[in-house]
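What follows is a single structure, written as structure tokens, with notes after it.
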């Protein structure tokens with residue numbers, strides 16, 4: 001009996017990490033309606049700057065409460081700055097720019113290709129974690145599930161508005177790079193990594209916002225401000241806390257697999273909150289996403 005206990009503890013620990021992966025998908029999947037509400041009254045640059053700054057303050061509070069310390073060496077701060085630029089500045093700005101020129105459905109499909117990029121970058125270049133046919137199957141099946149959920153018709157626009165499509169794909173590529181590069185920060189506690197990256201991003205975004213939007217002249221409604229606050233605290237602060245933890249416990253490919261789960265979250269929210277109909281094709285797509293994520297994250301003893 002004693003020999004089985006560590007396995008059971010390991011299973012429990014993995015279940016906890018998978019639950020956090022689902023929570024991350026929920027937090028990022030639920031960010032789209034909040035973003036839509038907030039950006040209708042707040043310019044994108046100011047919204048992202050505020051989102052990042054508020055999330056950074058939230059995480060600074062956690063770091064102080066847990067009496068953690070920030071790194072003091074220049075190399076680690078260079079890594080943190082680059083990670084912050086990739087995740088919170090470059091990828092968001094490029095994706096937002098690309099979304100102006102292509103249909104949102106096609107943008108969602110292209111934005112879900114991050115696991116594919118992680119797989120091939122890992123296989124060909126970094127080899128920082130094991131990849132194989134099972135994970136490739138999971139990546140391909142999950143992406144197929146996304147297409148089924150959003151609708152095969154979304155692919156009809158491929159080849160048109162090439163610049164917008166390239167921007168959406170490049171944004172997904174940057175997400176993949178961030179998930180791989182972020183492994184360099186595994187020696188830091190997740191709250192420290194998350195807070196420091198957002199501080200670095202805010203140091204760039206706030207001055208840009210001041211110059212471009214002059215935010216003191218804006219007068220958004222309470223509804224837009226509430227949406228922006230929830231976006232900052234939950235979909236950014238709490239999400240980044242989970243993101244950096246999972247990079248250490250599950251790995252780069254597993255973390256990006258939540259891109260597939262986000263589509264399922266969107267379907268579930270639509271059915272439960274908006275009374276939308278769950279068609280057989282969409283249900284099949286959700287099932288494909290779940291099986292794909294399971295194949296990516298399955299552990300072989």
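The values are calculated or read from the model by the stated rules, or taken from the named source; none is laboratory data. Note that this is a predicted model, so its numbers are computed, not measured. A quick note on method: Cβ atoms are made from the backbone with ideal geometry, for glycine too, and the neighbour counts reach across all protein chains shown.
Any idea how many residues of the stretch 45-72 are in a helix (DSSP H, G or I) and surrounded by fewer than 15 Cβ atoms within 10 Å (Cβ to Cβ)?
Narrowing the stretch 45-72 to residues in a helix (DSSP H, G or I): 45-65.
Still in the running and surrounded by fewer than 15 Cβ atoms within 10 Å (Cβ to Cβ): 61, 64-65.
Number of matching residues: 3.
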- Message: Exactly one condition in (1) within 30 Å of residue 183 (Cα to Cα); (2) part of a helix (DSSP H, G or I); (3) at pLDDT below 90 is false for residue 287; which is it?
- Response: (3)
- Message: Any residue at all in the stretch 258-273 that's over 30 Å from residue 72 (Cα atoms) and outside any helix (DSSP H, G or I)?
- Response: no
- Can you give me the number of residues within the stretch 144-160 that are closer than 20 Å to residue 267 by Cβ and modelled with pLDDT under 90? 11
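May I ask you to verify whether residue 184 is over 16 Å from residue 51 (Cα atoms) and surrounded by fewer than 19 Cβ atoms within 10 Å (Cβ to Cβ)?
Numbers: over 16 Å from residue 51 (Cα atoms): yes; surrounded by fewer than 19 Cβ atoms within 10 Å (Cβ to Cβ): yes.
Judged against the criteria, residue 184 is a match.
Does residue 199 satisfy the criteria of being at pLDDT 90 or above and either buried (at least 17 other Cβ atoms within 10 Å of the Cβ) or outside any helix (DSSP H, G or I) (or both)? Steps first, please.
Values: at pLDDT 90 or above: yes; either buried (at least 17 other Cβ atoms within 10 Å of the Cβ) or outside any helix (DSSP H, G or I) (or both): yes.
The answer is yes for residue 199.
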